[in-house]
1. Which of the residues spanning region 219-235 are in contact (Cβ under 8 Å) with a residue 60 or more places away in the chain, among the hydrophobic types (A, V, I, L, M, F, W, C) and outside any loop (DSSP other than H, G, I, E, B)?
2. Of all residues in region 182-205, which are within 16 Å of ligand 1 (Cβ to nearest atom) and touching a Leu at 6+ places or on another chain (Cβ under 9 Å)?
3. Of everything in region 204-235 that's of a type in the set (Lys, Arg) and buried (at least 19 other Cβ atoms within 10 Å of the Cβ), which residue is nearest to ligand 2 (Cβ to nearest atom)?
4. Find all pairs meeting these conditions: Cβ atoms under 9 angstrom apart; at least six residues apart or on different chains; first residue within region 125-142 and without any contact (Cβ under 8 Å) to a residue 40 or more places away in the chain; second residue away from ligand 1 (no atom under 16 Å from the Cβ) and aromatic (Phe, Trp, Tyr).
5. Check Gly326 against each of (1) outside any loop (DSSP other than H, G, I, E, B); (2) away from ligand 1 (no atom under 15 Å from the Cβ); (3) among the small types (Gly, Ala, Ser); (4) closer than 30 Å to Val416 by Cβ and name the one condition it does not meet.
6. Considering (1) under 20 Å from the mean Cα position of the chain (by Cα); (2) more than 16 Å from ligand 2 (Cβ to nearest atom); (3) closer than 22 Å to Val323 by Cα, say which one Glu30 fails and leave the rest.
7. Could you grab the pairs with beta carbons closer than 9 Å, sequence gap of 6+ or different chains, first residue in region 253-276 and farther than 20 Å from Gly135 by Cβ and assigned to a loop (DSSP other than H, G, I, E, B), second one of a type in the set (Phe, Trp, Tyr) and within 12 Å of ligand 2 (Cβ to nearest atom)?
8. Looking at region 61-75, can you tell me whether even one residue there is part of a helix (DSSP H, G or I) and either touching a Leu at 6+ places or on another chain (Cβ under 8 Å) or on the phi < 0 side of the Ramachandran plot (or both)?
Amino acid sequence: MSSLKNIENAYEAAQQRYGELGVDTEQAMEQLSKIAISLHCWQGDDVGGFESSEGLSGGGIMATGAYPGKARTAGELRADVDKVMSLLPGRHRLNLHAIYAETKGKVERNELEPEHFKTWIDWAKANGIGMDFNGTFFSHPKADSGFTLSSADEEIRKFWVEHGIVCRKIGAAMGKELGTPCVTNLWIADGYKDIPADRKGPRERLKKSLDEIFTKKIDHSHLLDAVESKLFGIGSESYVVGSHEFYLGYAIENKTLLCLDTGHFHPTEVVSDKISSVMTFLDEILLHVSRGVRWDSDHVVILSDELRAIAQEIVRGDYLDRVHIGLDFFDASINRIAAWVIGTRCMIKALLIALLEPSEKLRQMELDGDYTGRLAMLEELKTLPFGAVWDYYCTKMETPAGESWLDETRVYEKNVLSKRV
Ligand code: RNT
Ligand code: ZN
């Protein structure tokens, strides 16, 4: 690991270099420290939850791999999240799914209450972090038909509407208790493997169900509703009820947030280009930052061009207060704590790089028609010493700089994860 002195020296040189371009590194770090990333709890146990020992089933999402040490209880998961958070600079949030409820005995999904999340809320409060929430409309016998909120079976549809309603109540309780609005997201897997005869019916029923779920107006300082679209899934290759167009329309008409998952579009389509489009018509959005490899595979997020482009769009558009950044990946083939840390640190790094951009200069070149200068500058920026600023930022925030977080993760693996058999 680099010594503190080395980190400081490198930072000073970087500060000067950025200064030459009119970029204030101190201000960038200050802004960065205010951004909370919403960490998805489901990286810790392969989207299993604690309802039963069976784990993920249905819904067409899949965690692959059998790396040892996944969290088996809510207590273990909280300990893992604590570890992850200690390796991330800044203060972040936790994003929980309904299947992570802590109930004494079986409680049906349509009967969940805020009290079933009391330990989570108390934990978040003690750590001074906010929480976000999700209904779980999969991994359940009543979702086995492949249809939930858009089901033609009224009893099934009603059950899931009730689940949606209780989830909003839970989200609102979280937001109220923690003093920061809880973004409560809704994603359903409803769709057909093969060519449907009726694309319209399920969408009409989904709209009706959403209207029923969102009937009650809830204070936005406690709860922000979000709806998440998808293009296709395993078992819903030909038709997904909740498509992008469907939810974009719904979100605009009903003033909910739209959730854009980076794995939920055609592989050549990018979310970075969608942000400024949808933000023209919506107050706020939620991102599910993920990495699809050939399909919506939810690989660990890396510092890819697209991740950088997403961060640039958020910063350039001055959207930091209106874009909620959530993560959505799950990898069971490597150390799960490391997976979480790698993905989240990459997201934070991408934001730092974006904050270190001389955006005004670039914009001016563009307005002046100097596209040569724009391209030249964008390429030069790629090799500026943001790594030195990152290391310094981590040190300043009292978290490991460089790869030393991995050593800590290995110690945790040896002392904690490896004992979970
Ligand atoms: C699935 C969606 C959804 C889930 C989580 C667990 O394709 O992306 O957001 O990954 O709710
Ligand atoms: Zn998602």
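The values are calculated or read from the model by the stated rules, or taken from the named source; none is laboratory data. From a predicted model like this one, the values you see are computed outputs, not experimental measurements. Heads up, the Cβs are rebuilt from the backbone with ideal geometry, glycines too, and the neighbour counts pull from every protein chain shown.
1. Passing the criteria: Leu224, Ala226.
2. Of everything in region 182-205, those that are within 16 Å of ligand 1 (Cβ to nearest atom) and touching a Leu at 6+ places or on another chain (Cβ under 9 Å) turn out to be Cys182, Val183, Thr184, Asn185, Leu186, Ile188, Asp190.
3. Applying the filter and picking the extreme gives Lys230.
4. Once the first residue is without any contact (Cβ under 8 Å) to a residue 40 or more places away in the chain and sits in region 125-142, its partners that are away from ligand 1 (no atom under 16 Å from the Cβ) and aromatic (Phe, Trp, Tyr) give Lys142/Phe159.
5. For Gly326, the failing item is (2).
6. Glu30 satisfies every listed condition except (1).
7. If the second residue must be of a type in the set (Phe, Trp, Tyr) and within 12 Å of ligand 2 (Cβ to nearest atom), the pairs left are Val271/Phe265.
8. Yes, region 61-75 contains a residue that is part of a helix (DSSP H, G or I) and either touching a Leu at 6+ places or on another chain (Cβ under 8 Å) or on the phi < 0 side of the Ramachandran plot (or both).
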